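The values are calculated or read from the model by the stated rules, or taken from the named source; none is laboratory data. Because the structure is predicted, anything quoted here is derived from the model rather than measured. Accessible surface areas use protein heavy atoms only, side chains included; no ligands, DNA or RNA. Shrake-Rupley method; radii C 1.70, N 1.55, O 1.52, S 1.80 Å.
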Amino acid sequence: MRTDELHISSLIVHVKPENISNLTTCIEASQQAELVTVTEKGKAIVVIEAANQREIMKCIDNINDIDGVVHTSLVYHEFEQSTQNNSEEAQ
């Protein structure tokens, strides 16, 4: 039997207005993060999907390292767990 997880988190990211395009480019290059919206003043909503909490934290760290990011706030985190046995996986 195998247990799979899906973690979903949402963040508010504060970025300096002059670095919005840099944030947008970096988030679009990420395979786990999606930029939902960003204001002219530099407040962005980002959604992250990952297989575990460690990947979520690594993605948040990567976002914090983007040039111009002032602060990142975790707003929401949820995970779902599904259990499949090996016979279902073979189908």
Practice task
Please report the orientation-averaged projected area of the chain, defined via the convex hull of its C-alpha atoms, in nm².
Solution key: 6.4 nm²
Problem - Solvent-accessible area, 1.4 Å probe, carbon plus sulfur percent, for the chain - result: 47 percent
Practice task
Enter the angle in degrees (range 0 to 90, nearest 10) between the Cα long axis of helix 53-64 and the first principal axis of the Cα atoms of the chain, meaning the one along which they spread out most.
Solution key: 10 degrees
